[in-house]
Amino acid sequence: MLLALASGFALSNAYRTVAAITGPPLVADLGLSPQQLGTFAGSFHFMFGAMQLFMGIGIDLWGVRRTILVAAPLTIIGALVSATATGYGALVAGQALIGVGCAPAFLAATVFISRYFPVHKFAAVSGMAMAIGVMGMLFTGTPLAWLIEKTNWRMGFWVLAGMSLLAWFWVWRSVHEDRLTRNQSAESDAPRESLRQALMRFGSLLKIPHTWGIVTLSFVCYAAFITLRGLWLGPMLISRHGFSLVQSGNVALALSLTAMIGPMVFGRLDPGPVRRRRWLVVCAFVFAVLFAGVAFEFGTWGDVIATLAIGFLSGFCILQYADVRSAYPAGITGRAMALFTMAMFLGVAAMQWFTGWVATHAQAWGMEPFGPVMGSIAALLVIAALAYRLLPGPPKLG
């Protein structure tokens, strides 16, 4: 069952990073500006993040299976709209539909793990699920670059639409929650709350002081990685270092492999709730240093090595999921995860739009855009890490 759920997350990762390889052909074919390219990439994440509230409530009230089976067909429709798009507006609409359809993907997997696996295994199992999900990024590396060079950028969306249909059937066939017994039996025996009650309980999360530190860090960290891997990697390597599309795809593939290893490693190294928050602050600062290194451009190999290191270190985001899991009662796990995931992907949308704005203005001022883009990401990471450190933490962690 978990593999079937992870397949949806893998496709979600493919869709959210497709702009890194399709970006240059889209600019050439449809004449997109850097800011339009950022909006195109960010529209998926905006809708993905905005729908987390409803997906979290849906999962809590109606279960993982039903929520995915209802939402996922929009992914297929969105991929078809993107594949047949003749202009910027249709591209954005297609990405928005895909974002809604993919919205329950990883949330469903993490809630499934939290309900049906012991608490002490949450970080390790989630790390494995995230690693499986990151495999979707492998497609948007060399394979997609090769496919686009042999055909066109539209073929990538046609292939993803077919893969999405297969994933839907896999979930329909394999995921049956009634065959399992929850760890929280009391929770499963509790009366089902109404939609109004669910919305009120979701809003009550924002009244908890330690929510704001968690949300602030989640808004920036994953966004930093996806903005690099999912938007600027291909254009940067092609423009800054003269790479071909396939060579850029090779780097994207290597980056995806390191990003696949990271969650498994950090999941196994999870230090527990007392020290985990310190680890998160340190990792966020190291993340910022790596982005600053790319901003200052220490040659071709310097950029490639720093990029691969960013991919590996992005795995520390799995500790953020464990942080959420330990910071809230089991009864609101779905909504807490949904709020966290919403912040993550609204952060991606905001960062991709913002860095598109930075790149557009840098070009207008006669500057190479990628230094300012990566420098702005580094600055945001520092601000988020300081906010997480200084804002209140969960009382039980002291």
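The values are calculated or read from the model by the stated rules, or taken from the named source; none is laboratory data. Because the structure is predicted, anything quoted here is derived from the model rather than measured. FYI the Cβ positions are ideal-geometry reconstructions off the backbone, even for glycines, and counts take in every protein chain you see. What goes into the accessible areas is simple: the full protein's heavy atoms, side chains included, and nothing from ligands, DNA or RNA. Shrake-Rupley method; radii C 1.70, N 1.55, O 1.52, S 1.80 Å.
Classify region 263-383 from the C-alpha gyration tensor, please: rounded if a/c falls under 1.5, else prolate or oblate depending on whether a/b exceeds b/c. Working shown, then result.
Numbers: a/c = 3.04, a/b = 1.68, b/c = 1.81.
Oblate shape, in that a/c is at least 1.5 and b/c is the bigger or equal ratio.
Ranked by the mean number of other Cβ atoms within 10 Å of their residues, highest first, the peptides 383-390, 316-323, 227-234 come out as 227-234, 316-323, 383-390.
Charge dipole of region 205-357 (Cα centre as origin; +1 on each Lys and Arg Cβ, -1 on each Asp and Glu Cβ, all else neutral): 500 debye, rounded to the nearest 20.
Rounded to the nearest 10 degrees, the inclination of helix 34-50 to the longest alpha-carbon principal axis of the chain is 10 degrees. Label region 250-303 by shape, choosing from rounded, prolate and oblate, from the square roots a ≥ b ≥ c of the eigenvalues of the Cα gyration tensor; if a/c is under 1.5 it is rounded, and otherwise prolate applies when a/b is larger than b/c, oblate when it is not. Oblate, because a/c is 1.5 or more while a/b does not exceed b/c. If you take the Cα centroid of region 242-261 and the Cα centroid of region 265-306, the two points sit 19 Å apart. Per residue, the solvent-accessible area of the chain (1.4 Å probe, heavy atoms of protein chains only, all protein chains present) comes to 38 Å². Rounded to the nearest 10 degrees, the inclination of helix 153-174 to the longest alpha-carbon principal axis of the chain is 10 degrees.
The charge dipole of the chain, taken about the Cα centre with unit charges on the Cβ atoms of Lys, Arg (+1) and Asp, Glu (-1), comes to about 980 debye, rounded to the nearest 20.
For region 319-363, what class follows from the C-alpha gyration tensor (a ≥ b ≥ c being the square roots of its eigenvalues): rounded when a/c is under 1.5, otherwise prolate if a/b is larger than b/c, else oblate? Don't skip to the end; give the middle numbers.
Numbers: a/c = 7.28, a/b = 3.59, b/c = 2.03.
It comes out prolate by the Cα gyration axes.
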